[in-house]
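Here is the structure we will look at.
Where a number appears in this text, it was derived from the coordinates with a stated rule and is not lab data. Since the model is a prediction, treat every value here as computed from it, not as a measurement. Cβ sites come from the backbone with ideal geometry, for glycine too, and all protein chains shown count toward neighbours.
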Amino acid sequence: MAFAGRRDAPEPPDFAILKRLARDQLIYLLEQLPGRKDLFIEADLMSPLDRIANVSILKQHEVDKLYKVENRPTSSTSDQFCFLVRPRIKTMKYIADIINADKMAGRSRKYKIIFSPQKFYACEMVLEEEGVFGDVSCDEWSFYLLPLDDDIISMELPEFFRDYFLEGDHRWINCVARALQLLNSLYGPFSKAYGIGRCAKMSYELWRDLEEESESDSQGRKPEIGNVFLMDRDTDYVTALCSQVVYEGLVDDTFRIKCGSVDFGPDVTSSDKSIKVLLNSQDKVFSQIRNEHFSSVFGFLSQKSRNLQAQYDRRRGMDIKQMKNFVSQELKGLKQEHRLLSLHIGACESIMKKKTKQDFQEMIKTEHSLLEGFDIRESTSFIEEHIDRQVSPIESLRLMCLLSITENGLIPKDYRSLKTQYLQSYGPEHLLTFHNLKRIGLLTEQSPGETLTAVESKVSKLVTDRAAGKITDAFNSLARKSNFRGISKKLGLIPRVDGEYDLKMPRDMAYVFSGAYIPLSCKIIEQVLERKSWLGLEEVLRLLNGNEFSVTESAGEDSPAWESQRIILTVFLGGCTFSEIAALRFLGKEKGYKFIFLTTAITNSARMMEAMIETKA
Amino acid sequence: MDCYTANWNPLGEEAFYRKFELYAMEWSLKEDLRDCLVAAAPYGGPIALLKNSGRKEKSPSARPLLEIYSASGLLLASIPWKSGQLVHLGWTASEDLLCIQEDGTVLIYNLFCEFKRHFSMGNEVLQNHVLEAKVFHTEYGTGVAILTGAHRFSLTTNIDDLKLRRMPEVPGLQKPPSCWAVLSQDRVTIVLLAVGQDLYLLDNTSCSVVTPPGMSPAAGAYLRMAVSFNYRCLALFTDTGYIWMGLSTLKEKLCEFNSSIRSPPKQMVWCMRPRSRQRAVVVAWDHQLMVAGNSTECIQFVLDEDSYLVPELDGVRILSRTSHEFLHEIPEASQEIFKIASMAPGALLLEAQKEYEKESQKADEYLREIKDQKLLPEAVSQCIEAAGYEHEPETQKSLLRAASFGKCFIDKFPPESFVRMCQDLRVLNAIRDYQIGIPLTFTQYKRLTIEVLLDRLVLRRLYPLAIRICEYLRLSEIQGVSRILAHWACYKVQQKDKSDEEVAHAINQKLGDTPGISYSEIAARAYDCGRTELAIKLLEYEPRSGEQVPLLLKMKRSKLALSKAIESGDTDLVYTVVLHLKNELNRGTFFMTLQNQPVALSLYRQFCKHQERKTLKDLYNQDDNHQELGNFHVHSSYSEQRIEGRVGALQNAVDAYYKAKNEFAAKATEDQIKLLRLQRHLQEDFDKPYLDLSLHDTVSNLILDGHHKRAEQLYREFKIPDKRYWWLKISALATRGDWEEMEKFSKSKKSPIGYLPFVEISVKHHNRYEAKKYAPRVTPEQRVKAFILVGDLDQAADAAIEHKNENEMNFVLSKCTASTDVAVVEKLNRARAQLLKK
């Protein structure tokens, strides 16, 4: 695809400083409690912490023993406890229990709680109610941003999705605003900001308020990032619900990438232990296949292994001196590459095995027909069978949601029967799960007699009537209609197929879904960047429920010479998937942009569904 | 300028002292100073006078008058003293007046005689009364030391963080000590006292007798003692007129002097300069002032009138009815320049500049002389420095002119010191003006810092001058102008004669959107003054809604606070208000308030979910949210241990769901109750766990255990769809390996799921034999797939050929291996060729 003004994408800024800042602050906080101490770490802070400061750094700052919050310390003799936690009420109770137990036993210790990324008043309130507020000292570790890769920064807040979109809890928005402020101060000033979604708007406004308050002088600084694009996850649920078929996405769906690294189990490593592998651009093998469609990965890997073999084979016919050179300079690299190669081949095989077993092809076919809107009846029976056979509770739920969201809700008969089937398969507690899914708008019922056009006219009426708009704003998810079909038509999300789609030489972002569907979220970003505004997208916005904005910060300084203008910080509020990342990376390569991804967490369909599931505990 | 050194008085070989007038006092006092209690704050601070204090008779007409003057004698404020008998007056470091009463109560007033607060020095002091008191300043802040009628000492080192300390008793002390002082050594505050010829040191725990080194045994009894400004030196005056000067650690004597005046001096204070080796004390009697130091000679002045000495960092101020003078040691730079016949570079440069102005060639000669010695930079620095020590603008100017002149002949002389000195002097001259009356010396000013000076101007409500200084020195807005404007506004809100609107408007007019201004702070001040309405008006100007909330809460405007908190987007703030409201309002009103604020409501729900589940129920009940109520009951059913409890909770849920018109949920819950009961029966009958399984799993388990009748019963009772039941049954049977039953089942009626699943499931359990039985029964469309699954490629090929379907043929072909399936491959290729021909 020849692009007229195609330029090479600029290099992303260096985000290592974010890690350094976080580490230095943590060390400072640890030093605030001088002397030896035991450190209790919240389970989901462990992996992020590991990326910031390893155990030896902690030990250097007089951390004695490490505990996971949840586990009861058996008999610690340390007289200082330090808790590194997320601001959650549950954790506060855990801490209060420890302190109260100590009090009962007549032990006196020093307790310090470090909240990350910030402290919430409600937590202090709980400590007070439990009667331990006076016994602890509190601090904040403003660790908002964890760079996972050259171009991915995660806030590691998976609960953002449920808290905001389901519970309507705005508590994390402040964190997002502060994260933006930090990035703006380090790599900004951002000259242009776009966004869509209510949360995006609130975050943006809060961030601007923070900037005004702090009035840091950013004048005259040369920005490294020029544009910022904020997007709510509920703008596009469809993309997140699809099965991923680019390699990185598949690995995430199959093995769960956690904080940029994955545990490959024995079936992958073909040994009896699992291996933890860091997946990022440093991995020479991975970086070449991560964005590829799975079908072309195998070919690539075998090509790669042949090359590798050839390099090994050069040994034959070397004299001693050359051999010495080879061993000292190349062998280590080759061995490393070899190790990675065999791991990824193992992973591929394992994925293949799992996927063929579950009739992966059938499922993909169903997904594609859902996206295109054909054979809905057939797809519905496929889902029904899927539930009946108890293939996988999460997958079934995901397919139901995908059906609902692409069809603007299920027809009442299906809605009832699918739910009944599901409850029979997986237990009645999912009644609550369905309630959640309805609230968030993922699994809804079509109002009888309501055609698509009727919905449209109703939505447009709400949009024009501002007062009504405000009311729906508050409970937007309740009234939310996806209008996917309409949007898909307007934006041309389903590529017209003429002949086979060449997945090795993709021509558009649809390749991340085998050429069947261009991810909506990415398409919106592409369109807005092309137009440098929302102009001309009014129809789509109406269907998307609006809440868009575009603001130029520094007036008139749109000098195209600046590399930074082609670097775009895309902020996904509620999580983004590796498929979206791959699609935008592709777009960046085509158009000479560099996308930096800031997400509240990396997500995929399973994580989204799990967030909605109401567990018994 | 010739007589410049006329008021220089030599003391010993090296030092000169001079006394000059700061102000002619404006105060036209009628009383003698000796009849008043006097307190003058250091650093050119204000002077407090309590007139008539000496009179013991308590006729109300002759109430003592408390007056506060500036250093130039301008009256700042006065009030009649209505409280108890005052023993001592003193100033704090932040220029508040401490009035120490006989009963040990200390009243704090500001510069304008406005009462701020009071505290007591404790019961012991209250009982025994205050005999004497001293106010002292250390790194801890301002302290107060009391000598009680019982001859005991009590002190506090910081009046803002009051911790009273009672010093140990001095053994055998029958009468009050002749003199005493507070010392501060190594961060410890101690008291030194003299009784007759003995010196005692009181620290926190003990009392010890001390003897100053080198003290002549014939010196006699101690009458006065003086501690230097920095607590480093101590001077003792005895009744033989002998003065001992040494370190306050009492480890070393510095010098001594014999004044041969035996009468006790009225005051004795140190006169020193930071970084000077010269040490001298100033001793005052009724008509005589003496400067004594390391010399056999001393300097004597005659005092025309009653005077009062104020020790300063770099000299002594002398107050009297008519004048206010400053006595100090001439700094080195000034000495060098002005000393008669000085050949110091600075002196020559000053001379050169003067000659230059006279257009005389001597200028060049002088200049050359300095340049030859390569001392020009030093000469310039000397002139700049000396300018700082001068009080007269004329002298300052001539020195600065000389410096500027000398600068022209130096390459790249850094201009900062010169510019800075010009600026500093301009500021100093401005505040020394008698209207302002702060006679700061350059040394004091540097020690005090510009920030504190600005604070002091603000304290005196000299806002315009402070702002001018900020602007002149180009201080950042937040540090300078905005801060002062904020103070002004805080003062403004106290003007009770103006209406709320007027005041709010005036403040907003002046402050506008100046950065760094906190309207909420000003509003807080207004609220403190009892002007709630004004406070609310001011808060409207506060751009950060987050800042408005705490004050609104304090003012009990909780609902307003709630909407402001929501506006701010800071959920933490919303929480603060919500939990505050929860305690403030009764439950009903609280819930009603939340109903109107969805953001707050959802936050509170989140809180309740974890912390107060009961409240959650009330919350849903309140707004008839039956759906959520139903969910709540379902949720709580999980925590019920006993099955009756669980059924009860679920029954509640059913009721709620019906009310919510959610028939589906109600039905599903009813089914669950039914299932629970059934499961209990099963559990009893088969002695196996069935509880909490899903319907599917229950039925599946029943089949696995061979209870086919029971399974059938459930299938009918719960109207399990045929498809599901068939799927369920065959997979359970296959798992159980009950192939016979499976075959029987397959023939019971026509399978609603077709027969491919039978094949699949048998293959899955590695039973090809069984699988083969079902392959022929599969519908023709799926037959190829079925035969391939059972591994019968031949039949698969036949089926594909029968369908004339090329795709299927290719599929079968792809499964064939060349070596073993030759016949099949041939057959297929033939059929394919035929198909293509057509």
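What the table below lists for this structure:
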{"read-out": "Of the DSSP H helices in chain B, those whose Cα atoms cover at least 27 Å axially and whose Kyte score averages -1.0 or more", "value": "B:663-686"}
{"read-out": "Kirkwood Rh (inverse of mean 1/r, distinct Cα pairs), segment A:262-357, angstrom", "value": "14.8 Å"}
{"read-out": "Likely footprinting exposure, A:CYS576, A:CYS348, A:CYS242, fewest C-beta neighbours within 10 Å first", "value": "A:CYS348, A:CYS242, A:CYS576"}
{"read-out": "Qualifying aspartates and glutamates (Cα of each under 15 Å from Cα of B:LYS815; at least 8 residues distant if same chain)", "value": "B:ASP792, B:ASP794, B:ASP798, B:GLU806, B:GLU826"}
{"read-out": "Under 30 Å from B:LYS266, Cα to Cα: lysines that are on another chain or at least 8 residues apart", "value": "B:LYS19, B:LYS30, B:LYS51, B:LYS56, B:LYS58, B:LYS82, B:LYS134, B:LYS175, B:LYS251, B:LYS253"}
{"read-out": "Exceeding the 25 Å Cα-Cα cut-off - candidates A:LYS90/B:LYS582; B:LYS709/B:LYS747; B:LYS723/B:LYS764; A:LYS201/A:LYS591", "value": "A:LYS201/A:LYS591"}
{"read-out": "Volume per residue of the C-alpha convex hull in segment A:70-215, rounded to whole Å³", "value": "151 Å³"}
{"read-out": "Full-extension gain in nm, B:ARG587 to B:ALA6, via 0.36 nm per residue minus C-alpha separation", "value": "200.7 nm"}
{"read-out": "Distribution of pairwise C-alpha distances over segment B:319-455, 10 Å bins, in %", "value": "12, 39, 30, 15, 4, 0"}
{"read-out": "Unit Cα scatterers, Debye sum, segment A:345-456: log10 I(q)/I(0) for q = 0.14, 0.16, 0.18 Å⁻¹", "value": "-0.60, -0.75, -0.92"}
{"read-out": "Average Cα contact separation per residue, chain A, under 8 Å, 6 or more apart, as relative contact order %", "value": "20 percent"}
{"read-out": "Segment A:32-143, relative contact order [Cα under 8 Å, separation at least 6], %", "value": "27 percent"}
{"read-out": "Chain B - percent relative contact order, Cα under 8 Å, separation 6 or more", "value": "5 percent"}
{"read-out": "Per-pair calculated FRET efficiency, R0 = 51 Å: B:ASN621 and A:ASP24 via Cβ, rounded to 0.05", "value": "0.50"}
{"read-out": "D (Stokes-Einstein, µm²/s), Kirkwood Cα radius, segment B:62-168, 0.692 mPa s at 37 °C", "value": "232 µm²/s"}
{"read-out": "Sequence of B:GLU806, A:GLU407 once ranked by neighbouring C-beta atoms within 10 Å, starting from the fewest", "value": "B:GLU806, A:GLU407"}
{"read-out": "22 Å Cα-Cα threshold exceeded, pairs from A:LYS353/B:LYS827; A:LYS284/A:LYS335; A:LYS59/A:LYS284; A:LYS304/A:LYS332; B:LYS554/B:LYS609", "value": "A:LYS353/B:LYS827; A:LYS59/A:LYS284; B:LYS554/B:LYS609"}
{"read-out": "Per-residue average of Cβ from other chains inside 10 Å of A:416-428", "value": "6"}
{"read-out": "For chain B, the spread of Cα positions along each principal axis, largest first, Å", "value": "138, 75, 62"}
{"read-out": "Pair-distance profile P(r), taking every C-alpha pair of segment A:32-143, with 10 angstrom steps and integer %", "value": "14, 51, 32, 3"}
{"read-out": "Beta bridge orientation in chain B: antiparallel %, DSSP, nearest 5", "value": "100 percent"}
{"read-out": "Sequence of A:THR269, A:THR444, A:THR600 once ranked by neighbouring C-beta atoms within 10 Å, starting from the fewest", "value": "A:THR269, A:THR444, A:THR600"}
{"read-out": "Taking the convex hull of Cα positions in segment B:172-324, its mean projected area over all directions (nm²)", "value": "9.6 nm²"}
{"read-out": "Solvent-free Debye scattering, log10 I(q)/I(0), computed from the Cα coordinates of chain A at q = 0.05, 0.06 Å⁻¹", "value": "-0.24, -0.35"}
{"read-out": "Considering only the protein assembly as shown, percent of DSSP beta bridges that pair antiparallel, nearest 5", "value": "75 percent"}
{"read-out": "Proximal lysine pairs, segment B:443-547, alpha carbons under 18 Å, eight or more residues apart or interchain", "value": "6"}
{"read-out": "Rg/Rh for the protein assembly as shown, where both radii come from Cα atoms and Rh is the Kirkwood radius", "value": "1.10"}
{"read-out": "DSSP beta bridge pairing in chain A, given as percent antiparallel to the nearest 5", "value": "25 percent"}
